[in-house]
Structure formats: structure tokens, C-alpha cells
Amino acid sequence: MDKKPDVAMRRWHDYDWEAVLAGQKVAQRYFVRSGLVRKDRLCSFVPSGFHPATVVVRNFTELLQGLAQLGSSQLEVASKKAVVKYVLKKAQSSNAHGIRFLTDAEAAQLLQIHERRRRANWSFVWILVAAPALASRWRRWTRSVAILAPMLAATAWRFSSKCCWPVEWAKHELASPESSALYVLQRNVQPWLHSGRKFHLRVLLLCVGDLTAYVNRDVRVLLASGRYTDGCGDSDRLDVHVTNMGVNKAVSDYSETEQNIALQELGEELATKIFGELSDVLAKTLTALQAAGRRHFFTLPNCWELFGADFLVEAGTARAMLLEINPSPSLAMYSADLQTLLGGDPMSSKLPPAWLELHMEAERLLAYCFCKGGLTPYAVDASGFDVKDTWKLVMVDSSATDLACLSAQGPAARRALLCAARLRSRSFAAPSWATVDPETMSAGKPAEGMNLCGGSWTTSKYSQEIVEPMNGDAFLKVPNTGFDEIEAFVQRMASVPRSGLHNPFKNPERYVMLGEVCGAAAREMFKPEVSDFFCRLIQRVAPKSYAQAGGEIKAVRTWLQDYSGNSVRMLAESTGLPGDHVGQTTVGYRMPFGGVSVITPFNFPLEICSLQTLSAVFMGNQCTTKVDWKVAIVMEQFLRMLHACGLPKTDVDYIYCDGPVMNEILLRGDAKMTLFTGSQRVADKLAVDLKGKVKLEDAGFDWKILGPDVMDVDYVAWQADHDAYGFSGQKCSAQSMLFMHENWTKPEVDIVGRLATLAGQRSLENLTNCPVLTWPTEKFLEHMNRCLSIPGAKLAFGGKPLTGHQIPPQYGAVEPTAVRLPIEALEDPPSFEVATVELFGPFQVLVDYKDGQQGKVIEAINRMPNHLTAGIVSNNPIFINEVLGNSITGTTYAGARARTTGAPVQHWFGPSGDVRAGGIHTKHAIQLCWSSHREVVYDFGPVTNIPQQS
């Protein structure tokens, strides 16, 4: 690594960032630090109470809204004495460039003019609408003019001086509709004065590596040129309000000795208080930035950077308010250059004594706390890296809040609980588009779901209470839409044109729009607060581990990236052939169906329903979506996010209801295609009711075969445990039956023992085991006992109900379980029928087979009714080819790393062997499920001769 001492100020663009990111070179810049140096982002990370109230504004309308939000009122225009109350700054500027101050009266005047213009505009619109009617009603024009006179006067007033923006605002950058400017509007901090003048503090902040931070003890106090009382009410007096050294040097009576002084000149006591406070504010700001992730502050061990932090001391409280942090700070106010200040390269040299290291909270800890019997995860990663493998897991009983109990649990437990408490106070707020908060949903404050129909969010006459799986509290209320409330949904579905909302000939601009929506949604889901919001919401309704919930977020986000830009348009790619003569060509197009629907289960609250719904819309369909109402709140929030990202609200209808109600909507609305994911029984009923207009990702009793060649035993055992018991077996791709060649059950391998050990490590505490949402404990154990009644069957491990929990009785709570039986037992039809019942829970059947019995294994897998996913664990190509050639499972993994679960979004996932089989993820899956082929034969001539009549 190149570590030559180099403290010269170099521009960000001068670095070879590929070499820096590869660790080959040192940079005196960080790759990303926008969360630190952009004013519109910094406000999200400064500790509460130590930053001015801030609103981000992009245009003049948002400026007016921001003034109102910060407390401005039209009544203030009558104030006797003007006071500067607001500051408008460019989000990405320094040296006071583009800054503007507003008094309370000036802000009120802008709001007053805005209100006048609004009223005058309505009058003008009324005249345009009413004039023709009035003229036709009365014959005498004089009577019409008499009635219209007041409105005409109002219109004239609209264009008078009282309704015109002041010249300086009419020409402002924010007033231009073509401007892409980004500003922040802040409430002005009333300043602490020194010698009657306003001042700010310049603090040098040095960040080194990943991440150590220092502040320089030499804090400079930079004073304005004019006395504050002389111009505190005049927003144009920059010499009074601007304390920047570069600006004040242009003032004729500027004195550097009087206007650039040390912090200690404010008094030792005050200086000590201020320095301690600003150091704490900077430390907490950097901690929050790192916890938010690398998209805000991308720190690297081979980078360092010097920043200039500006503080204002608030009058009365003497609080150090952080205003902004600037890159490449000017050192003009210091008597030393950069080399002298740093004493050499900070990566390799010891810093001079003037630099004080900040004490940052850098916890690499994942703490789970019991909250009313449920589990709530809190996590912080101070480096921004993916540290799921390095997090230390500590279980803490949060009911033990007194010091004695904490001490009894030991220092590790006390540390975890205190970390969790800090993280709770620092946890992400729900996104602005969200209508629920996973942190606050409870029986005392239940969240509420809503239906979406025709672009409007509505409720229903009756509601359905959803209980929290971990403790039985009714923490969520959703609409229970009845048969008498579905007419709007029926009419919406029935009225969609058969040609769809768009197709290659109609509204093709929608392909572009949907690609832009996907891009915006992917960017939104990259925000740490959004990703965390969906992870926590999923955990509340379908208790998965944080990693399992995060896997859904990653899959959806990656898929949205894949279909951003032109990728939606490419789904409608045509195929063409030349014709039989000049002027003739034939082109195949993908056409939508019209009104369609998506019905999905509880086990993937976000991934399946979101991808299939958007896939339907991509191809031009209007979709009505129903998700199992136990988890449907997640998809509702996803739709709200899509609307915030630009998706038209009328593209998707969303309903909370039970199965019979949805069935009635599909029948009466004449659904042209329905994608159903769920049980085989419902799938078969829908296929009949809808006359075959269905695609199914139906139930999956999924198998895995361990071939005769034994390899990577620990990995194979881990994968088998993950496939069978991940999310407690409640996946349509879960491993339901494991065929084990005798080589895998020898004592030196003991695959069953390894599986038992891994299964025994799963627990409710870390959600690697969790409630079973569709099989109560009693029903689960009844099925296990039926399997044990098969001749030759025995319990391999598990089989006991869980204890010491508050899971409600309608849900299951059992140990990960396996029943073991010989391959010969499956030859008996009644036994085979019992053994191949899909139990949506932590249950699998282990089947022993020997050399020469591969044929019986293949016969068994082909007798199974479902063919969704499978795994062939072997590196023997002949064995793999024999199984592949004699089976039909839709998604089959083959090789030493074969699995059944965790399908990434880059490949097809769906069943096979059924004309109704649907799929997900890929271009082929989307086209197959959500469009039909249309052939258009173009024949333009020329006509050279007319054939004889035949």
C-alpha cells in the first residue's frame, strides 16, 4: 500500500478511486461523506436539540410550506419590530454563498401574497367556467356584466402589485420551474453575542481511517463586522448576520485581531463548557452517520479527511448548535498550514497534542429484548459493514431493570441491555409515506390497515383483529370486507379494457414510467431506515430472524434494480420474421390480459406479492391483490412506498378480505388471469371456478436426495437444516422429505445426528424457531403420530411442544421435528399418502435407501402431487443425470451445494409438470404469467398481379 506522507489538499476527483477502494493507495478524502457535508442530510444525524429546525426545499412552493411548517404566520406582518427568524441556505455550498435571511414580517408577507394569489386564481377559474353560462342565461349583456364585475375586479387584483412576488423572490433560483436547486430553510438561532456582535465557532474535525475522529483544541471565534443590535431586524445586513471570515474581509473596517479570536477569550468557564459540548455533538453525529451505513459516510482504513465544523452558541442556554460541516476548510484563520497542524501524515504519524480524540459509541452488538412476551431486535453497526457474522448475540431479560438484577445477570447482559436501550432511543423513525410503525404497534395502540380501490384508501364496515404471533395481543386491525362492499372492486376489474392499460401499441410511455418507478423504489429501499422499517414490520407479523426478513428486502430491492431503466420495456420485446413477398412481415407481440389478480400466502409478506403484482402491471394489466390478512399490512406499506416513488394509485387495487369474498370478486369481475400461491386444495378450486384462467405456484412437498458420494458433510448438514427449518419450515420450498443414501448414515458421517444437533440449537429467543401460523400444536403432533404409525417409522429428533412462551393457542409452538422411515414404507399407498402430507411447519421425513434402490427413490418423487423445488446433493454426474432425466420438479438444484430454499431473483422459480404452472422473478416468468402472444402480419404490398380466383 502506498503510504507516502502527503498532506497536500487534493481534490476528490484527483484520486484513483478504484485503487483506493482496493486498498492500494491512500486518499486524503473519503469516498462518500454526503451525510456529513450536505446540509439537507446532516440534519438527520445531529443529536436532537443541537441543530436548527430544518426543512429541505426544492422550489418556491416548498419554501412557502417550509415557512408555515417552521411557525410563520400571516399575522406576523403586523409585528411592530422585525426580527430575523429564518435562514435559507444552499444544501451544497460554503462560504455563505447563496445565503438569505428573512424576518418574521418578510416571511408573513410571502405567505400573505401566496394566499391572495390562491384566492384570485380561484376567482379567475370561476369566471372562465361561469361566463358562458351567464351569457346564455341572460339576453341582456348588461346584466351579465353586472354580475361578473366583482369577479373581473378580483381578476384584475390578481395581477396587481399586491399579488405580485417581490422582485428579489421572483428572480430567485427557487422560483424557476426548470431549477434543480436544493436548499435548506432553517429557523434562525438567536446568537450569543461577544462585544455586541454575532459570532460562530470554527472547529477542525479530523477523521482518520475507519474510524477515529479528532477535534483541534484551537477553536476559532469568528465575529461579524457590524453590531447585532444595529441590524438584527434587517435581513439585508449581511455584515451583521454573516460571520464567515471570507465575507467579512470585504468589509472596509474589518479587523482580524478583533474578529478572529480564540475560544478562551469568551471566558474559561464558558469555553470549557462549549468545547466539551461541541465535542460530544460531533461524536454522536459521527456515530449516527456510521450506524446509518456507507451510503451516508463511506469510511475506509486507508483514507482520512479534514473538515471544518461550524457551531453557533445559542443565547440564553449557551448550547453549541451545529450548523454545518464543510469539506476542504479554509485555514486562513489559523497561524499554521496543514502540514504544521497535522504534524505529518495522520495515517502514519502521531498527531500533535492539540488534537483530542473523540469518544464514539462503536458497539458491534445485536441485542434482543423481551417486550411483552415478544422479541424486538435492535442492531447497530458502527462501521457500516455487513457484520452479521461478527455480531455478538446476548440474550437479555428486559424485565430485570433494577441494578441488582442486572448485576446478577453479569456484565455481558448489562452491557447488552444498555446497548439496546440506547439503540431504542436512536432507532430509525418510520418513513414519511408509512402509516404504521413497527415499534409502536401494540394492543393499546393497534395499527390499522386500509383497502385501496380506484386510487382511494378506504376502510370497511367491520374490521378483523390480527394477533401478534409471539404473545397473542391484538396489535393490528384490518378491514374485513364483506360481500356487500365489493361492488367497486368488481366494477374496477370488469371495466379494464381487454387491451390493458398499455401495450406495444397503446400508451407505451407507461413502460418507461414503470422503469423509473422501479429505479426510485430500489433507491428508496437502499435507505437504512426503509430497509429496517420493512424488516421490523415483517418480524412483527411473521416472526422471522432479522437475517431471514432482511433476505426478503434484499431480494425485492435487487429485483427492482433489475427492472429499472429500460428493462420493463424489454419485457414487451417483439419477435419478427420476413414474409413471403415484398411488404410482408410478421411480428409477435406480448399483450396484456386486462383485469387480473394476485393471491399470496403469509410466509413471504413482501417478496411474492410485490414481485407478482408489479409483474402484472409491467405487462399492462390492472391488478387486484389480496394477501393473507395476517401479514397483508406489509404489502400495503410497500404500495404506499411505490406511490411515493411515482406509481399511479389506480394501477393496483388492494383488498383485505377472506377467501370466499375474493372468490366472488374474481367471478363477478371476470378476472382474466389469477396468480395463486398457496394450498393445492384452493388452487384446484380456483382452476375450476375461473375456467382455467389461472397460474399456480401451489403447495410444495419438496424433496432432497443425498447421493452415494459423501462430501462436505458439515455444509450439507447446515444446508439441510436451513432448508427444513428456516423460518420454522413455513416456506413453499421447505425441504419436506430427505432421502439419505446409506453412506450418509454411517457412524463416521451420522448425518441424522448432525441434523439433530443443529435443530436443537434453534430457539424462540433468536427467532431461528418461531410460531407456526397455520398448524396449531395439537394438529402438528397428531400428524407426527400418524407418521410414526407407519411400519418401520421412528422419531429421529424433536416431537415436543415448546414451553415458557406466550404464543397464542391458534398457532403452533413445537421443536424442529423429524420422523425417520425406510424407503420400503413408501411403497404402501396409505403410508405414502400420510408421509407426503405437506405440513407447513418445522417437520420433515427422513427416508433411508441403499445402493440399488435409486429406482424406488425416483418412483417415490414422481408419485408426489407437487413438483415445485428439489435438491440433488451429489457431484456424480451420472447419478445427477439419472435423477434429472426421470423427474420433473420445476426448480431443481444439483451438486454438492444443492438446496431447496433461498431462490435468488436471477433465476426462474416455479413448479413444473402442470399446464397451470406459473413462475416468478425472470423475464420468461413474467411473460408466461402476465401476457399472451399476439401475431400481427403486416402486408403493405405492392400488388404486382391479382391471382386467379380459386
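The values are calculated or read from the model by the stated rules, or taken from the named source; none is laboratory data. None of the values given here were measured: they were computed from a predicted structure. Positions of Cβ are generated from backbone atoms using ideal geometry, with glycine treated the same way; all protein chains shown enter the neighbour counts. When the accessible area is computed, the model is the full protein with side chains, heavy atoms only, and any ligands, DNA or RNA have been set aside. Shrake-Rupley method; radii C 1.70, N 1.55, O 1.52, S 1.80 Å.
Ignoring ligands, DNA and RNA, please state the percent of accessible area on the chain from carbon and sulfur, probe 1.4 Å.
Accessible surface attributable to carbon and sulfur in the chain totals 53 percent.
When the Kirkwood hydrodynamic radius is evaluated over all pairs of different C-alpha atoms of the chain, what value in angstrom, to one decimal, is obtained?
Computed over Cα pairs of the chain, the Kirkwood hydrodynamic radius comes out at 32.9 Å.
Mind ranking 706-719, 199-212, 476-489, 454-467 by how tightly packed they are, going by the mean number of other C-beta atoms within 10 angstrom, highest first?
Highest to lowest by the protection proxy: 199-212, 476-489, 706-719, 454-467.
Name the residues of the stretch 554-596 whose amide N is less than 18 Å from a point 7 angstrom out from the Cα of ARG58 along the C-beta direction?
565
Let me understand the stretch 848-950 better: what is its radius of gyration from the alpha carbons, and its Dmax, in angstrom?
22.4, 75
Output the pairs from LYS477/LYS685; LYS626/LYS685; LYS89/LYS527; LYS39/LYS527 with a Cα-Cα distance over 22 Å in this structure; if there are none, say none.
Too far apart for the 22 Å limit: LYS477/LYS685; LYS89/LYS527.
Excluding residues on the same chain fewer than 8 positions from LYS691, give the aspartates and glutamates whose Cα lies under 17 Å from its Cα.
Leaving aside aspartates and glutamates fewer than 8 places away in the same chain, those within reach of LYS691 are GLU664, ASP670, ASP914.
Can you list the aspartates and glutamates whose alpha carbon sits under 16 Å from that of LYS649, skipping same-chain ones fewer than 8 residues off?
Within the straight-line limit of under 16 Å, LYS649 reaches these aspartates and glutamates: GLU516, GLU636.
Sorting check: for 604-612, 684-692, which peptide has the highest mean count of neighbouring beta carbons within 10 Å, and how do the rest follow?
604-612, 684-692
Counting Lys and Arg as +1 and Asp and Glu as -1, each charge on the Cβ, what is the dipole of the stretch 425-558 about the Cα centre in debye, to the nearest 20?
Value, rounded to 20: 420 debye.
Under 22 Å Cα-Cα from LYS746, which lysines qualify once same-chain neighbours fewer than 8 residues away are excluded?
LYS704, LYS794, LYS850, LYS856
When Lys and Arg each count +1 and Asp and Glu each count -1, what net charge do the other residues less than 11 Å away from LEU690, Cβ to Cβ, add up to?
Value of the local net charge: +4.
For ASN876, what is the net charge nearby, where nearby means another residue's Cβ is under 11 Å from its Cβ and Lys, Arg count +1, Asp, Glu -1?
Neighbour charge sum, excluding ASN876 itself: -2.
With both partners inside the chain, how many of the DSSP beta bridges are antiparallel, as a percent to the nearest 5?
Within the chain, antiparallel bridges account for around 60 percent of the total.
If R0 is 41 Å, what FRET efficiency do you get for ALA644 and LYS506 from their C-beta distance, rounded to 0.05?
Here the calculated transfer efficiency is 0.95.
Taking the dipole about the Cα centre of the chain, with the C-beta of Lys and Arg at +1 and of Asp and Glu at -1, give me whichever of LEU773, LEU64, ILE553 is farthest to the positive side.
Towards the positive end, the residue furthest out is LEU64.
With a 1.4 Å probe and all protein chains left in place, how much accessible area per residue does the chain have, in Å²?
43
What does the charge count near CYS453 come to, summing +1 for each Lys or Arg and -1 for each Asp or Glu among other residues with Cβ under 14 Å from its Cβ?
Neighbourhood net charge equals -2.
What does the helix-only formula give at 222 nm for the chain: each DSSP H stretch with n ≥ 4 adding -39500 (n - 2.57), the total divided by the residues, and the result rounded to the nearest 500 deg cm²/dmol?
-10500 deg cm²/dmol
With contacts defined as alpha carbon pairs under 8 Å and 6 or more residues apart, what's the relative contact order of the stretch 450-519 in percent?
Value for the stretch 450-519: 22 percent.
Hey, can you rank 629-641, 82-94 by average C-beta count inside 10 Å, highest first?
Those peptides, ordered most packed to least, come out 629-641, 82-94.
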